[in-house]
Amino acid sequence: MSVSPAPSTPASAFSAPTQADLLDFVRRTAADAELIASLPLDPEGRTWVRLEGPGGSEAWLIGWPPGTGTGWHDHAESVGAFVAASGELKENSLAARLPADGWKTLELTEGVDRERRLPAGKGRSFGQHHVHEVLNESPDEHAISVHAYYPPLPQIRRYSRTGQVLRLEHVERPEDWQ
């Protein structure tokens, strides 16, 4: 005999969170003014606090001093979402799926670059192998953002970019940032 969940039970309680679930979570979390104000900010470097994400996802509250960024990277097989809670972030991304393994240098084709400005309250979700960099270009204002990933990040691949050439520089594992 099978039993169906009660109609009031969200589907995400019984399955892995989707990109939409993650985006909903980061939006709701970014609207929590008390939580956002609780993040300690450092004028020299990014700060972060790990949060409890939905459905076993990994979530982070991140502070961005003026002029800081992530550099080009991806989140491997994880899907994700992020929202600027305060300040403004810029995301540069590639509208192209890269091979998961077996390369060190790629020549990018013209027209793959995308740019998004994300003022407070704005964000986005993304799929697996999404390559991007996130920046706080403000000369004098901190930005704060909320991020969530599922499955929890197995690795982050870091890249350098010169013109249309993208080069895999190194791979970070969870023990490198926790």
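The values are calculated or read from the model by the stated rules, or taken from the named source; none is laboratory data. Note that the coordinates shown come from a computational prediction; the quantities given were computed from them, not determined experimentally. Neighbour counts are summed over all protein chains in view; Cβ atoms, including those assigned to glycine, are modelled from backbone coordinates with ideal geometry. Surface accessibility is based on the protein's heavy atoms, side chains included, excluding ligands, DNA and RNA. Shrake-Rupley method; radii C 1.70, N 1.55, O 1.52, S 1.80 Å.
Structural remarks
- Filtered residue count, region 67-94, keeping only those that are open to solvent by 20 Å² or more (accessible area, probe 1.4 Å), touching a Lys or Arg at 6+ places or on another chain (Cβ under 8 Å) and at positive phi: 1
- Those residues of region 69-95 which are in contact with a Gly (Cβ under 7 Å, 6 or more places away or on another chain) and among the β-branched types (Val, Ile, Thr), in sequence order: Val79, Val83
- Verdict on Tyr159 being surrounded by 14 or more Cβ atoms within 10 Å (Cβ to Cβ) and touching a His at 6+ places or on another chain (Cβ under 9 Å): yes
- Selection within region 101-128: residues that are out of contact with any strand residue (DSSP E or B) (no Cβ under 9 Å at 6 or more places or on another chain) and within 13 Å of Arg157 (Cβ to Cβ). The member of this set that is surrounded by the most Cβ atoms within 10 Å (Cβ to Cβ) is Asp101.
- Pair list, Cβ under 9 Å, 6 or more apart: region 30-42 residue on the phi < 0 side of the Ramachandran plot, other residue part of a loop (DSSP other than H, G, I, E, B): Ala30/Ala120; Ala30/Gly121; Ala31/Gly121; Leu41/Pro65; Leu41/His142; Asp42/Pro65
- In region 91-124, the qualifying residues are those that are among the small types (Gly, Ala, Ser) and outside any strand (DSSP E or B), and the one that is nearest to Gly67 (Cα to Cα) is Ala120.
- Hits in region 33-67 (condition: among the small types (Gly, Ala, Ser) and out of contact with any helix residue (DSSP H, G or I) (no Cβ under 9 Å at 6 or more places or on another chain)): Ala33, Ala37, Ser38, Gly45, Gly56, Gly63, Gly67
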